[in-house]
């Protein structure tokens, strides 16, 4: 795929990029001051606290040069909003630090801004400020998202308790298989997916959907929650470590899409990829057993399927029982940026 | 100077870096959750709004590989806090996205964390969250700082009016001359500075001091303000553009340190460097003429010297009258990251 970022008319100058492409993303948010001020101003709704998250995406790590600019933009915002959803928070605004290795092409910028526009409409937030510069190194998009949550109601990571039921939203592994399909077409052909199934995996990688609709049910019922970005195995390990407990999960209960189930049937070694591949952007939640039924009902009412995959236990460490009933031995437990 | 970042025992793994070096910076801030959660939680003091700013610093652009890790850390936080000061806000917390091209050395990390510890104590804020990763490209420190300001009292950039007096805090040009001195020792020798004077310029570049003490006087008296990061000429142009007005400044009234005055006497071509060199991290404020005296008094009471350098006018554009009384023609108007 051509690298559109370098092709066609270039846009030189920070002010030109800000005023032509970014200021429209700030329209309608008074505290952005049309991106003409140094700072953004956010007035939290009365009775709320602010939840903040920053997570950069970089070319060569989180996306590749040929990726559609709309998708890069969407993903840069979505991965941050996904964290807010897991905390039971609603996004308000975001700051964005953009770093280009060379002057970007007008067409690329225009599509990048379109992707952000689409994402922020979908997630209910606005660009409120940021920084644009040019420096050597990969194209980097560092978004800081700011959300609000009713005072004292943020869902933490570290408050799971032994006996809690473990839930995940949606289906796991799709994005990891989507990336594998992109990088290893030969292997993906052995899965014999239909075009629609292959497209499903692709879109799950390119366009993660933060589970904002689940925020209410999480605030209402969950002891602890986090979004899954580095794979279930690793992220569940983090939730357990933060909560001072252990977990046991059955692979057979992990919800899979039809596409993922078909790929797995053709290639059972994908088990590991599904639990450790990352990029799911689904929610992992620890819900007290006596609230599990209500959680499932409220999630369903919000349009988000959730599935119980195991239990929180006393102790430490994560066990995933494989399809054969034996604990899986994972050669890598998940994505580590180091 | 040796590149300490690559020397000695290395620290591998995101969790090790976070728990050993960064978590202590979050101690005492409950909303940081010991850096064990995905997100940070900030409870704005009642009756306040939040002011946010993000500004990355990167190796090769804002600092060089041999720079002291303490200084890099200090600067990364200070350049963001400086923006808050100009808005009349007080820092609460910051998020930090750290990106390393290779596993950093333990000694480097330890000194980097010390610099942050020193800076955050001085500025009154805590690390509340962030992200650490490894990827190709320069070492990058992207800080997002969050401050609070009494509701409706943020000092904007875009509300200067014709007739306002223009003030700057401290002295201008020191940091730009400090950088020049570092990069061009031969030229700096012609300035015949004492060791103390040379050190003054160096420290002004390495350790910018955000003018937080001026926040109250700005809220009380200023129509508009911003911090000077890209040079007076360019930043004043931005303040005027945002306010829909013009400005006229006399170079002779720009406050200079003894070191800068001596360098300028020896090398009159430094005039341009002083108004366009950047990295001042002083405050530029537009104050209504009838409040100018009170502003100076309140600033002095807060321990911050301010000097009137010109006036806001009707129209557009910035004129700086040079030492010879003629408008200066600037070959570059200031630092542009593009």
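Things worth noting here:
- Summarising the strand pairing of the protein assembly as shown, around 75 percent of its internal DSSP beta bridges are antiparallel.
- For region A:165-321, a Kirkwood radius taken over Cα pairs fed into Stokes-Einstein (4 °C, viscosity 1.567 mPa s) yields D = 82 µm²/s.
- For residue A:20, label point 7 Å along C-beta direction: distances to other copies, nm: 4.7
- Working note: 222 nm ellipticity from helices only, DSSP H runs with n ≥ 4, each -39,500 (n - 2.57), summed and divided by the residues of chain A, gives -10000 deg cm²/dmol to the nearest 500.
- The tail of the calculated P(r) for region A:182-244, taken as Cα-Cα distances beyond 16 Å, holds 65 percent of the pairs.
- Convex hull of Cα atoms in region A:153-193, direction-averaged projection (nm²): 5.3 nm²
- In this rough spin-label picture, where each label sits 7 Å from Cα along the Cβ direction, the residue A:122-residue A:314 distance is 4.5 nm.
- The length gained by stretching the chain between residue B:159 and residue B:290 to full extension, at 0.36 nm per residue less their Cα-Cα distance, is 45.5 nm.
- Computing FRET efficiency as 1/(1 + (r/R0)^6) for residue A:323 and residue B:10, where r is the C-beta to C-beta distance and R0 is 45 Å, gives about 0.70.
- For the rotation that carries chain B onto chain A, the axis lies closest to a Cβ at B:137, 1, where the number is the distance in whole Å.
- Euclidean distance between Cα centres, region B:37-80 to region A:302-320, Å: 36 Å
- Highest-MSF residue in chain A out of A:195, A:232, A:77 [GNM, Cα springs under 10 Å]: A:195
- Of B:143, B:320, the sequence from fewest to most neighbouring Cβ atoms within 10 angstrom is B:320, B:143.
- P(r) weight above 25 Å for region A:96-242, C-alpha pairs, percent: 50 percent
- Average projection area in nm² (convex hull over Cα atoms of the protein assembly as shown, one quarter of hull surface): 30.1 nm²
- Between identical copies, the spacing of residue A:252 label points, each set 7 Å from Cα toward the C-beta atom, reads 9.1 nm from nearest to farthest.
- Within region B:220-261, backbone nitrogen closer than 17 Å to the virtual label 7 Å beyond the Cα of residue A:19 toward Cβ: B:234-247
- Rg followed by Dmax, in Å, when chain B is reduced to its Cα trace: 20.5, 60
- Rounded to 10°, Cα long-axis angle of helix A:292-301 versus longest principal axis of chain A: 40 degrees
- Relative to the longest principal axis of the Cα atoms of chain A, the long axis of helix A:232-243 makes an angle of roughly 80 degrees.
- Angle of helix A:195-206 to the longest C-alpha principal axis of chain A, folded into 0 to 90 degrees and rounded to 10: 70°.
- Simple spin-label estimate for residue A:258 and residue B:261 in nanometres, 7 Å along Cα-Cβ: 8.1 nm
- In angstrom, the C-alpha Rg and Dmax of region A:4-150 are 14.8, 49.
Bear in mind that the values in this text are calculations on the coordinates, not laboratory data. All of these numbers come straight from a predicted model, not from anything done at the bench. Methodologically, a virtual Cβ is constructed for each residue, glycine included, from the backbone with ideal geometry; neighbour enumeration extends over all protein chains shown.
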